[in-house]
Structures are given as C-alpha cells and as structure tokens.
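Written out below as structure tokens is the structure these notes cover.
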Amino acid sequence: MAISGISAGGNFSPYPNGASGAARGAPVGEAVREDEDGSAKSVPADAPRNRSGETLSEDELREVEELKATDRKVRQHEQAHMAAGGNLVTGASYQYVTGPDGQRYAVAGEVGINTSPGRTPEETLRIAARIQAAALAPADPSPQDRKVAAQAARMQMQAALEIAMRSGTAEDGTQRQGESAAENTATGVRIDAYRAMAKAGDFPSGGFSVRV
C-alpha cells in the first residue's frame, strides 16, 4: 500500500512519523515498501518506477516483463522479413504501448514487400521466390504473411505459363518430338488450366506493394 507523511520540519518523507529507510533497517540507497501484509520490504534505488517515481508493484513488474518479451518477438519477426527480402522489403513500422514503467514497447509491426513482377518471366520467377522467402522468414508467419506467400506462388505459376507459351510448348496441340501423345495432352491441359486462372484474375496483373 502507499505510504506518505510530512515530517515536523516540513520536508516530504515517504514514511510515517518521518522515519527514514535506514532507520527501518533498509541499506543506504534503498527505499522501503510495505507489502500488503504490512511487512517492510527493501527496494533497490534503481528499481523500475512509474512516472510518479513510485516503485512498481509485482503485477506491474510482470506486465513490464511481458511487454519486453513481446517487443523482442515483434522486432525479430519484422527483422526476419527484412533480412530475407533484401531490397524488396521496405523499413519496418511498429505500434507501441506505454508500460507501467513509462517506457514504450512494440506490440505489433509490419514491413512492405514489393510484389511487382520482373521485366521477363524468368526474372519474375526469381522475384517470386524471394517474396515467398521473405513472407515466410519469421518463425511464426502471420495469416497475412502466408497470404503474401500464396500470391507469390501464383506469380510463379503465371511466369511459368508465360515461359511455356513463349516456347510454344503444346500451344497448338502439335506433338513435340520425343514426347508421347499422352504426355503432350497432359502438358496442354496444364497450360489451359493456367490460362483459365489468369483469365479469372487469380494472378496479380501488375506491380504493387503489400504489408506483412
């Protein structure tokens, strides 16, 4: 419980009857706090305090430790995105809360990932692989992380389709040399499926940036 009093000389003292911490048995440089049962407890001078200068309660100390752990986890998550994505990833931004000790702690964060396709299908394949790696880099990918990774997988499929169409593989139904009719038909079916997906809008149609 909180203890306060005014000594006879008019100076503020946090102890009744003007008693000092040393007089109550606390080492010099330490304050004294009473527990709920009324027993005195020494508190180091550098113990965490709130904005009013009061030492934190046990519950507040636990809250601070939880906030510190959350802050570390959030920052590690975003740093993993940035390390894996390189120049495809923009700087992290964080949401903060103020703890009982008056310090700010990150409780959420995000980075931007550029998901623009490359100048060629081959370049798009490489970019999509990096996007997937960046999105899934944290030890605990979020639902948004997994969504971006899925978008990158569709980019890869579209790029593969463009490469196949450019090479003319099974585009006109002509059997390629050394390939059976069944294999050729299966290849054509896959390409037709990719075309249908692209027509339905399942692939990104242009460059954009997403937040994860």
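The values are calculated or read from the model by the stated rules, or taken from the named source; none is laboratory data. Please read these numbers as outputs of a predicted model, since none were measured by experiment. Cβ sites come from the backbone with ideal geometry, for glycine too, and all protein chains shown count toward neighbours.
Answer yes if at least one residue in the range 88-98 is within 21 Å of residue 212 (Cα to Cα), part of a helix (DSSP H, G or I) and not hydroxyl-bearing (Ser, Thr, Tyr), and no otherwise.
Looking through the range 88-98, at least one residue is within 21 Å of residue 212 (Cα to Cα), part of a helix (DSSP H, G or I) and not hydroxyl-bearing (Ser, Thr, Tyr).
From (1) at pLDDT 55 or above; (2) among the acidic types (Asp, Glu); (3) assigned to a helix (DSSP H, G or I), pick out the condition that doesn't hold for residue 183.
(1)
Could you say whether any residue in the range 107-126 is in contact with a Pro (Cβ under 9 Å, 6 or more places away or on another chain) and at pLDDT 95 or above?
yes
Taking the range 104-124 as the region of interest, how many residues are crowded, with 20+ Cβ neighbours inside 10 Å, under 22 Å from residue 164 (Cα atoms) and without any contact (Cβ under 8 Å) to a residue 40 or more places away in the chain?
Residues meeting the conditions: 1.
Restricting attention to the range 81-103, and to residues there that are closer than 14 Å to residue 137 by Cα and crowded, with 20+ Cβ neighbours inside 10 Å, which single residue is nearest to the chain's Cα centre (by Cα)?
Ranking the candidates gives 81 first.
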